[in-house]
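Asker: Before I ask anything, here is the structure I am working with.
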Amino acid sequence: MPLTPAELEILGLSFKVALASALASLPLALGLAFVLARLEFPGKMLLDGLVHLPLVLPPVVIGYLLLVALGRNAPLGAFLADHLGIVFAFRWTGAALASALMGLPLAVRAMRQAVEAVDRRLEAAAATLGAPPLAVFASVTLPLVMPGVLNGMLLAFARSLGEFGATITFVSNIPGETQTLPLAIYSLTQVPGGDAPAMRLCVLAILLSLAALMVSELLLRRARRRAQGA
Amino acid sequence: MKLEVAIGAQLGAFALDAQFAAEGGVTALFGRSGSGKTSVLNAIAGLLRPARGRIALDGEPLFDAQARVDLPAHRRRIGYVFQEGRLLPHLSVRQNLLYGRRFAGRSGEGELERVVSLLGLGALLERRSQDLSGGEKQRVAIGRALLAEPRLLLMDEPLAALDAPRKSEILYYVERLRDELGVPIVYVSHALDEVVRLADTLVVMSEGRVLESGAVGETMARMELRPFLGRFEGGAVIEARVAEHDLDMGLARLEFAGGTLYAPDVDALVGERLRVRIRARDVSLALARPESISMLNVLAGKVAALGEPSGASVDVQLDVAGTALIARVTRKSAAALRLAPGLPVYALIKSVAIDRHSVGWA
């Protein structure tokens with residue numbers, strides 16, 4: 001049974017938001033992964049806790065705080081809108097930002113494990129072959145953590161496809177702009193006769209999530225093989 | 001090549017305080033595991049920063065605590081062959097070999113071909129590094145270090161993880177590096193037969209300190225007189241030249257400064273120079289030249305010094321026309337023969353005690 005144009009729009013928007021949030025969180029997540037895996041500093045536990053907060057905090061809290069900080073009337077939101085032309089409130093970019101925050105802990109965890117798994121003796125070996133630190137990072141460390149980076153992005157992507165609470169609180173439920181798959185299902189369950197189309201979307205959501213998890217597992221296996229090969 | 005090392009560091013509960021100098025050829029750092037050999041290599045490579053002291057190569061300081069010099073590892077141009085190979089797992093053998101080339105500012109397949117043929121890597125080039133056997137990994141690691149054009153090559157027990165046939169294969173390649181390329185090598189080992197086969201200079205370490213260092217023959221002779229090294233499979237090392245092969249009897253006649261030595265199973269050609277290790281426990285002493293005896297090697301010399309007695313035995317250092325030899329005899333015999341410095345004696349050595357592991361190319 002082919003997808004209807006409305007369903008395709010919902011799916012396309014969900015993918016766009018998920019992709020944008022995964023890409024946007026990549027630099028921050030990778031940076032945090034390196035900091036947490038390799039540096040010792042006072043306050044590390046606090047930073048670790050902050051990164052993990054979205055896992056346990058009610059999503060509506062994140063959404064509300066975003067609204068307070070980045071709404072059109074909030075100082076920061078107004079500044080971004082007036083000077084940089086960036087608007088998050090009630091836009092798909094806001095949905096991407098909300099789900100990026102929600103997915104950050106998953107991405108950081110996956111990448112941090114990959115960074116911790118890198119045998120630092122390989123980096124030392126590269127240095128004795130004349131490679132300066134940046135070249136060691138680019139030619140040894142990064143290729144070795146790459147499966148973990150992809151895995152982290154995939155988890156963030158999958159988390160974004162399922163994000164509901166923070167999104168609806170921050171950017172509301174606007175068809176064609178911020179109405180991603182979970183929000184569309186929610187809307188359909190609120191109207192009479194919405195059960196059948198809601199179920200179609202549920203099946204879609206299950207298939208997508210399953211596919212993402214399976215690809216993630218494949219990446220993990222590949223990473224493990226690579227790490228053992230050393 | 002001139003390497004000067006004088007460093008100190010506190011590594012947890014372990015105190016490192018090492019001083020030695022080496023010039024060209026192969027320098028062996030010898031000692032039990034945990035004696036600080038690898039820490040010294042890491043300090044030379046720039047992977048470990050000593051607390052004090054100085055490391056210089058050809059007069060150029062690599063590390064100097066007082067002058068605040070600490071050249072980073074990637075600018076030292078010192079190759080390092082690790083115990084476990086440490087090939088980059090995401091790269092092919094060829095990519096591993098060429099890894100250091102771009103940083104050395106060199107390219108060209110000519111050098112690659114030379115190293116590939118020297119180490120017999122031709123069939124491995126397109127393989128993934130994790131699909132190699134232990135011996136193959138070590139050969140690639142050696143080639144990779146060489147292709148980065150190092151001024152000095154460090155090797156940390158490169159044979160430790162290998163079985164006996166692989167060991168002799170890699171040893172053969174290390175000998176070729178020394179003889180054909182003339183790369184100065186600092187070689188860490190706790191296996192005496194490797195040291196004897198390879199080293200020109202010997203540095204003996206124990207508990208973070210250098211006990212003895214110098215030319216391999218003299219150092220081993222001095223080391224023998226130090227009982228705390230325990231039941232050390234030691235002895236003297238002499239340099240000799242193959243004078244003649246007796247093919248019927250399977251014996252080679254070797255000439256050295258102190259006389260003639262018959263040894264079995266020598267596969268060197270007439271005229272080639274060899275290094276022969278003679279274990280102290282294989283040397284007996286007599287006051288008069290014995291007649292009608294099976295031992296082929298009877299060398300005239302005199303007692304140079306007596307070591308500390310250890311249990312029932314005592315090591316006697318001999319001077320055989322300028323060549324140092326060690327004999328391990330019982331204290332009972334030493335008393336009966338009234339061994340004392342200056343006493344003329346004959347050293348008796350069974351030829352069959354000199355086996356393949358005792359002989360290496362000089």
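Asker: Restricting region A:143-156 to residues that are within 12 Å of chain B (Cβ to nearest Cβ) and either surrounded by 24 or more Cβ atoms within 10 Å (Cβ to Cβ) or farther than 26 Å from A:PRO54 by Cβ (or both), which is nearest to the chain's Cα centre (by Cα)?
Answerer: A:VAL145
Asker: One residue is enough: does region A:68-88 have a residue meeting the conditions within 14 Å of chain B (Cβ to nearest Cβ), of a type outside the set (Phe, Trp, Tyr) and out of contact with any Cys (no Cβ under 7 Å at 6 or more places or on another chain)?
Answerer: Within region A:68-88, not a single residue is within 14 Å of chain B (Cβ to nearest Cβ), of a type outside the set (Phe, Trp, Tyr) and out of contact with any Cys (no Cβ under 7 Å at 6 or more places or on another chain).
Asker: Within the set of pairs 6+ apart or on separate chains, which have a first residue in region A:45-59 that is over 19 Å from A:LEU30 (Cβ atoms), a second that is part of a helix (DSSP H, G or I), and C-beta atoms under 6 Å apart?
Answerer: Note: pairs meeting the criteria are A:PRO59/A:GLY165; A:PRO59/A:ALA166.
Asker: Among the candidates A:ALA131, A:ALA124, A:ALA138, which residue alone is part of a loop (DSSP other than H, G, I, E, B), surrounded by fewer than 24 Cβ atoms within 10 Å (Cβ to Cβ) and within 14 Å of chain B (Cβ to nearest Cβ)?
Answerer: Checking each option against the conditions leaves just A:ALA131.
Asker: Identify, please: which residue in region B:146-169 is over 17 Å from the mean Cα position of the chain (by Cα) and charged (D, E, K, R) and is, among those, modelled with the highest pLDDT?
Answerer: B:ARG151
Asker: Can you say whether B:LEU97 is touching a helix residue (DSSP H, G or I) at 6+ places or on another chain (Cβ under 6 Å), within 14 Å of chain A (Cβ to nearest Cβ), closer than 29 Å to A:ARG225 by Cβ and assigned to a loop (DSSP other than H, G, I, E, B), as far as the supplied structure shows?
Answerer: no
Asker: Right, here's the next one. Out of all the residues in region B:331-342, which are within 33 Å of the chain's Cα centre (by Cα) and either in a helix (DSSP H, G or I) or surrounded by 14 or more Cβ atoms within 10 Å (Cβ to Cβ) (or both)?
Answerer: The answer is B:ARG331, B:SER333, B:ALA334, B:LEU339.
Asker: Does B:ALA160 count as touching a His at 6+ places or on another chain (Cβ under 9 Å), surrounded by fewer than 19 Cβ atoms within 10 Å (Cβ to Cβ) and among the hydrophobic types (A, V, I, L, M, F, W, C)?
Answerer: Yes: the conditions hold for B:ALA160.
Asker: Taking B:LEU11, is it away from chain A (no Cβ under 14 Å), at pLDDT 90 or above, in contact with a helix residue (DSSP H, G or I) (Cβ under 7 Å, 6 or more places away or on another chain) and farther than 20 Å from B:VAL69 by Cα?
Answerer: Against the criterion (away from chain A (no Cβ under 14 Å), at pLDDT 90 or above, in contact with a helix residue (DSSP H, G or I) (Cβ under 7 Å, 6 or more places away or on another chain) and farther than 20 Å from B:VAL69 by Cα), B:LEU11 does not qualify.
Asker: Just one of the numbered conditions (1) surrounded by fewer than 17 Cβ atoms within 10 Å (Cβ to Cβ); (2) in contact (Cβ under 8 Å) with a residue 12 or more places away in the chain; (3) within 26 Å of A:LEU181 (Cβ to Cβ) is not true of A:LEU97; which one?
Answerer: Unmet for A:LEU97, out of (1) surrounded by fewer than 17 Cβ atoms within 10 Å (Cβ to Cβ); (2) in contact (Cβ under 8 Å) with a residue 12 or more places away in the chain; (3) within 26 Å of A:LEU181 (Cβ to Cβ): (1).
Asker: Shifting gears a bit: Would you pick out the residues in region B:254-278 that are outside any strand (DSSP E or B) and surrounded by 17 or more Cβ atoms within 10 Å (Cβ to Cβ)?
Answerer: B:GLY258, B:VAL266, B:ALA268
Asker: Here is a further query. Need at least 3 residues that are surrounded by 23 or more Cβ atoms within 10 Å (Cβ to Cβ) and within 14 Å of chain A (Cβ to nearest Cβ) per element, so show me which strands (runs of 3 or more DSSP E) inside region B:50-91 make the cut, counting only ones lying wholly within it.
Answerer: Passing ranges, in order: B:78-81.
Asker: Against the conditions (1) more than 14 Å from every other protein chain (Cβ to nearest Cβ); (2) crowded, with 21+ Cβ neighbours inside 10 Å; (3) of a type outside the set (Lys, Arg); (4) out of contact with any helix residue (DSSP H, G or I) (no Cβ under 7 Å at 6 or more places or on another chain), where does B:LEU124 fall short? Just the number, please.
Answerer: (4)
Asker: What is the one condition in (1) at pLDDT below 95; (2) part of a helix (DSSP H, G or I); (3) buried (at least 19 other Cβ atoms within 10 Å of the Cβ) that A:VAL108 does not satisfy?
Answerer: A:VAL108 satisfies every listed condition except (1).
The values are calculated or read from the model by the stated rules, or taken from the named source; none is laboratory data. Just so you know, these numbers come straight off a predicted model, no measurement behind them. Cβ sites come from the backbone with ideal geometry, for glycine too, and all protein chains shown count toward neighbours.
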